[in-house]
Structure formats: C-alpha cells, structure tokens
Amino acid sequence: MNTQTILVTGATGNVGRHVAAQLADAGVTVRALVRDVSSPRLPAGVNPVAGDLTSPDSLREAAAGVDAAFLLWPFRTAEGAAAAVDALAGQVRRIVFLSAINVQDGATAEQNGMWGEVEQAIEQSGVEWTFLRAGGFAANTLGWADQIRSEGVVRWVHGEAARSLIHERDIADVAVHALTDAKHSGAKYVLTGPEAVTQASQAAIIGEVTGLPVRWEEAAPEVAVELMTAFTGDLAFAQHAVDYWASLIDAPEPVTSAVEEITGHPARTFRAWAEEHAGDFRPRSPQEVIGRYVGLLRQGDFAAAVNLLAEDVVRVAPVEGAAGAAGLRGVAAIMENGQRLTRDYEIRGVTIDGPYAHGDRFAVQFTFNQVHLPTGTPETATKMSVYTVTSKAITREEVFYHTQGFHDHED
C-alpha cells in the first residue's frame, strides 16, 4: 500500500487527469487542487481540495501534509509563480513541474521564457524537483476539430513543419514515476513522441482513423498570426509561434527516447493518439453530418461519404424495383443495389444541388450525365434524395426520380 499523499494541479486537464487517475489507481492518496470543490470533474478516488495557484495562502492549506506536488503553470507569464512555488515548498518535499522543450540549460532568461522562470523559482526554493520538458502535445490538434467535423479541412500555416508531438498519457506516465520515486530528483527530462510528423500528415492521419478524409489548406503566415493574436491577445507570442513552426520545415523537432527509458514502454505514436480521439473529429451534430456528407459527394469521394451512413440505414426508392420499394436496410445491401443499378452505365459527371435542410432532414438533388453501355445512348437522370439525419449519422434515404434513370433499363 502506497502511503504517499500527492497534490495534483490541473487535475481536470489533458495531462493532470491522467496523473491523478494513475496515482489513485496505485493506491496513492491524491488531492486535486480545484477552485470549486462542489463540481470538479475528477477521476474516481481523487479528493478535491479548494485552492488557486494565484493564492499562496490557499496553496499552503491545500498542500499541508503532502509529500509531493505535480505543478502545471497555466499562465502566459511567470508572474506570481515564485510566490506559488514558495507556498508549496513550505509543505512538500518534491515538486514535479511540467515544463517545455524550449527550455535549455545555459540559455538566456528571454530564450527560456515563462517555463524557464518557473524552473528557476523551483530550483531556488530548496525542495527536490524534477522537470518534465515536454514537446508539443498531440492534444493541441483538437484545435482543428471544429473545421474537420464540419468541412473535413485544416486551414493552418506551415503544413510541412515536422513535430514530435507527445501523447498526454506518456507525460502522465513519466510524471507518476517522478512523483513516486526519489531517484528522479534533480532530473530534467526532455519528453517527445516517437517520431516527427508534419502537420499536413497529422491531418491526413486524423482522416484515416475517422474514415473521413481531411485535407490541408495552407494559410498565409500573417493570417495565422492575426488569428492567434485574436485568440491569445498576445501578438509577440503569436508571431513567435508561427516563426517557430516555419523553422521546423527544415529542422524538425527532436525525438528522444526518454519516455521509454523511464516508463519501460515506447512513446505512443500520433496515430495511436488519433485513434483514441477519433470521436472528437467526427461530426457531432446534424449540421456537421450534412456538411461533411455533401462535401464528400461534391469531391467525388463516395466511399468516404458512405462512412456517414448508419450501419442500419434504410433506403427507400419505389421505382428501383421490389427491393427498393420495400426498403433496403444496411450499408452492404444499399451498396450491392447501387452496383446492380449502375452495372450497365458509364457515369460521366454528377451535378449536386443542395443541401436543403430543415430540422433533422435534408434534401440533395443529383443530376447524372451517363451513357447506357449496351445501347450507347447518352442520358441525363435527375433524382432527389431526402435524408433523415441524427447527430452522428444518416439513418434514412428516400429517393424520388424526376427523369428517366438507372431503373429504366433493368432486366
């Protein structure tokens, strides 16, 4: 039975929640620093304690009787960090700090930025410490999720910048070792993923694991700076970030083996992270399903569009024979029927009008320019499909032909 008590800051965030959960599973008494103890979103077995990193007195109270603390500094400057560190140092023996890969020993304070200042404050506090100098988080790509879900695109800057993004659980795994084993005291670990992957390739991988292709559209650097400045309120930070990504085109981020050396398991790949988070990138509302489905049809990617049909989707098309009139159920049956209907045709072009949406239904008009192969007759067939959609998939299609179509030449 582990008798340690450990304080975790950021316990509801990407990394901290994994740290807290793993510690609790290992039998450690875990306190999670939260502003509001009445409604924390914490893992099972984790005890909320009231406190705030900007309030040294609350930190002292929260850390009383604690053996070690996991510190995440979520602010853009180090203002107040020294006071927070001093408050913790008066109570705990060890601080494990989630720092950043850009901190370099021997670099200037300006070069090391906020993270370097916090590291310095911890070193000067007199407690044992471990610094986790992590690279970019794979979870940061969740910032692309809205545009991927709705349009299947990432519009961002420097797609050829190669990043060694790290899975948040790998950071947590290392943090748990450092918090529970004194042998890591005084270590400065540089943590990365197992490979450098370009941003454009990251977008493509997300498309592959969701079954819905994602394309990269390169944005102008000045546009990215403007957007980041609007979001962060910090022009210098935005410009530095965009310039940094530009540098990674010719000099990719480093890859280290620290995760495997410390934990005994290889660092998780970006693909593994994307597979775990695939649901975050798939449509979540009827509007997003509609947008992706029609967008894929316009791109001619019918195979991908099928992935937005529910497994038990129903297709009703009275003029397509007895099976169509009765209603076909399931993607496989619908695909087989489509192959039967088009086997004697060469489709030379499709015009798509719509979507025309209302509530949980939408309509799309298709006009096919085709040739009936047995007779060589060119034809134009127009149909209207009316779909029913949920927040995740299309559940029903009803088909109405306006002109002669595939059904007219059936055997």
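With respect to being in contact with an Asp or Glu (Cβ under 7 Å, 6 or more places away or on another chain), of a type in the set (Val, Ile, Thr), surrounded by 13 or more Cβ atoms within 10 Å (Cβ to Cβ) and modelled with pLDDT of 90 or more, Val294 falls outside the description. Scanning the stretch 5-20 for residues that are part of a loop (DSSP other than H, G, I, E, B), open to solvent by less than 10 Å² (accessible area, probe 1.4 Å) and closer than 16 Å to Ala178 by Cβ yields a total of 2. Close Cβ contacts (under 8 Å, 6 or more residues apart or on different chains) running from residues in the stretch 324-338 that are at positive phi and modelled with pLDDT under 90 to residues that are hydrophobic (A, V, I, L, M, F, W, C) and surrounded by 13 or more Cβ atoms within 10 Å (Cβ to Cβ) comprise Gly327/Val314; Gly327/Val316.
Anything in the stretch 31-41 that is within 23 Å of Ala134 (Cα to Cα) and either open to solvent by 40 Å² or more (accessible area, probe 1.4 Å) or in contact with a Gly (Cβ under 7 Å, 6 or more places away or on another chain) (or both)? List them, or say none. Hit for the stretch 31-41 is Leu33, nothing else.
Filtering the stretch 199-208 to residues that are more than 12 Å from Ile148 (Cβ to Cβ) and touching a helix residue (DSSP H, G or I) at 6+ places or on another chain (Cβ under 9 Å) leaves Gln199, Ser201, Glu208. Applying the set (1) open to solvent by 30 Å² or more (accessible area, probe 1.4 Å); (2) assigned to a strand (DSSP E or B); (3) over 22 Å from Ala304 (Cβ atoms) to Thr403 leaves exactly one unmet item: (2). When the residues of the stretch 101-125 are filtered to those that are among the charged types (D, E, K, R) and open to solvent by 20 Å² or more (accessible area, probe 1.4 Å), the one that is modelled with the lowest pLDDT is Glu110. The residues on offer are Leu33, Leu88, Leu42, and the sole one that is assigned to a loop (DSSP other than H, G, I, E, B) and touching a residue at least 12 places away in the same chain (Cβ under 8 Å) is Leu42. Does Val223 fit the bill of being assigned to a strand (DSSP E or B), touching a residue at least 24 places away in the same chain (Cβ under 8 Å) and on the phi < 0 side of the Ramachandran plot? So Val223 fails the test.
Those helices (runs of 4 or more DSSP H) of the stretch 103-191 in which 2 or more residues are out of contact with any Cys (no Cβ under 9 Å at 6 or more places or on another chain), free of Cβ contacts under 8 Å to residues at least 40 places away in the same chain and charged (D, E, K, R) occupy 109-125. Considering Ala258, Ala278, the condition of being closer than 17 Å to Ala138 by Cβ and surrounded by 17 or more Cβ atoms within 10 Å (Cβ to Cβ) is satisfied by Ala258 alone. Looking at Thr380, Thr351, just one residue is in contact with a strand residue (DSSP E or B) (Cβ under 7 Å, 6 or more places away or on another chain), farther than 30 Å from Glu208 by Cβ and either modelled with pLDDT under 90 or in a strand (DSSP E or B) (or both), and that residue is Thr380.
Filtered by the rule that a residue be surrounded by 15 or more Cβ atoms within 10 Å (Cβ to Cβ) and either touching a Cys at 6+ places or on another chain (Cβ under 8 Å) or in a strand (DSSP E or B) (or both), the stretch 303-328 gives Leu309, Ala310, Val313, Val314, Arg315, Val316, Leu328. The C-beta contact set for the stretch 234-247 (first residue under 14 Å from Ala220 (Cβ atoms) and surrounded by 16 or more Cβ atoms within 10 Å (Cβ to Cβ), second residue small (Gly, Ala, Ser) and modelled with pLDDT of 95 or more, distance under 8 angstrom, 6+ apart or interchain) comprises Trp245/Ala161. Here Glu218 meets the list (1) open to solvent by 50 Å² or more (accessible area, probe 1.4 Å); (2) at pLDDT below 95; (3) closer than 30 Å to Tyr293 by Cα almost entirely, failing just condition (2). Quick one: would you say Thr375 is over 33 Å from the mean Cα position of the chain (by Cα), open to solvent by 70 Å² or more (accessible area, probe 1.4 Å) and modelled with pLDDT of 90 or more? Answer is yes for this residue.
The values are calculated or read from the model by the stated rules, or taken from the named source; none is laboratory data. Here the structure is a predicted model, which means the values were calculated and not measured. All Cβ positions, glycine included, derive from the backbone under ideal geometry; neighbour counts span all protein chains shown. Ligands, DNA and RNA are excluded from the accessible area calculation, which covers all protein heavy atoms including side chains. Shrake-Rupley method; radii C 1.70, N 1.55, O 1.52, S 1.80 Å.
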